[in-house]
1. Of the numbered conditions (1) under 19 Å from residue 238 (Cβ atoms); (2) surrounded by 24 or more Cβ atoms within 10 Å (Cβ to Cβ); (3) in contact with a helix residue (DSSP H, G or I) (Cβ under 6 Å, 6 or more places away or on another chain), residue 352 fails exactly one; give the number of that condition.
2. Can you name the condition, by its number, that residue 190 falls short on among (1) within 20 Å of the chain's Cα centre (by Cα); (2) surrounded by 17 or more Cβ atoms within 10 Å (Cβ to Cβ)?
3. Residues that are at pLDDT 85 or above, surrounded by 19 or more Cβ atoms within 10 Å (Cβ to Cβ) and more than 17 Å from residue 343 (Cα to Cα): does segment 288-308 have at least one?
4. Please work out which one of (1) at pLDDT below 90; (2) farther than 22 Å from residue 173 by Cα; (3) buried (at least 18 other Cβ atoms within 10 Å of the Cβ) is the condition residue 211 fails and give its number.
5. Are any residues in segment 403-420 surrounded by fewer than 18 Cβ atoms within 10 Å (Cβ to Cβ) and in a helix (DSSP H, G or I), and if so, which ones?
6. Give the residue that is nearest to residue 92 (Cα to Cα), with candidates limited to residues of segment 164-181 that are crowded, with 16+ Cβ neighbours inside 10 Å and more than 24 Å from the chain's Cα centre (by Cα).
7. So which residues in segment 361-402 are buried (at least 19 other Cβ atoms within 10 Å of the Cβ) and outside any helix (DSSP H, G or I)?
8. Do we find a residue being modelled with pLDDT under 85, over 30 Å from residue 417 (Cβ atoms) and not in a helix (DSSP H, G or I) anywhere in segment 240-253?
């Protein structure tokens, strides 16, 4: 949504580095969003780190585990829509606080599960909060920082996902041997403390405050699926394809690494798997950050195409490797391309929709894609049961290729657009 109206209070940012001249409000939103995203991905991925232990204790198989993860992702769509609307209606910061409390409590409850049904219910609560936190946080940051650096700022914040993923692996590796899997989820309650920081240090963006009218839920949906229907459908389509690739791949990578050689895996133990996952997040962090610089320089569309192509090519090569050292090195490449594109979602969607429906639109498109992609963990789980985890992972390359094709044919270029 191009306009001559700037959203930044920092003046001419075109000749400055992204952090130069940043205001206290901008830094407040940066820190809050970074911590919020790191902690929500930690809570989201804790289950992936302890699938083996939870399934053995509660008595379910890989397909059931995939269904639990899929239910979590489905819930993120509802969370994105609900908390996104609340962010448009009552404020980005207020909605962010509520969503953080939601996913923190949901994660802690997972540790109290005695049945598969209870676990699925608590994971749905986690999904609602995680979906909502992204909706509110992405709008908050996008509306606070200048257009010239929006891609880079969101990329640095997106790199928090790598920190959160690594934190989940470390928490599982440390807590499981000492206290068991239930206490792993208890650690997930800690992010609730972030809500107090957000409440005290983050103000609502000026562009949102200056809105003269708040739309009703019905009016918001009408705008989303009528006036802005094309952008909604394009965003939903390529996000869904990309997330099918991501969630199918990274939900099952920890299990794949621990799969014995006789069953087609590399046969790494828990400690080695954790070290590998943490090192892999170095590649993910580099991918998140460099995507932003590429997107601000070459455009959102070209950046997405580069990363989707890299993902589609690297996954098959990764599955062919069984030497631990080479596996670790190439895993960095897979993580670089297979996660880096996430940095493009928030700024691109912010530029495709107006302020009145921005948080709802971002939340629906991003989390709607993640919800539809909920089929991927279950699909890979099914293929893993039938043909081995490695064969299941190969299917994710096709999803990345499909995402690239949709971007090539349909995605509009929004680089440098001011928000309206």
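The values are calculated or read from the model by the stated rules, or taken from the named source; none is laboratory data. Model, not experiment: these values are computed from the prediction. For neighbour counting, all protein chains shown are included, and Cβ atoms are generated from backbone atoms with ideal geometry for every residue, glycine included.
1. (2)
2. Of everything listed in (1) within 20 Å of the chain's Cα centre (by Cα); (2) surrounded by 17 or more Cβ atoms within 10 Å (Cβ to Cβ), residue 190 misses just condition (2).
3. Within segment 288-308, not a single residue is at pLDDT 85 or above, surrounded by 19 or more Cβ atoms within 10 Å (Cβ to Cβ) and more than 17 Å from residue 343 (Cα to Cα).
4. (3)
5. Step one: filter segment 403-420 for residues surrounded by fewer than 18 Cβ atoms within 10 Å (Cβ to Cβ), giving 405, 408-410, 412-413, 416, 420.
405, 408, 409, 410, listed by residue number.
6. The residue in question is 175.
7. Scanning segment 361-402 gives 373, 374.
8. Checked segment 240-253: no residue is modelled with pLDDT under 85, over 30 Å from residue 417 (Cβ atoms) and not in a helix (DSSP H, G or I).
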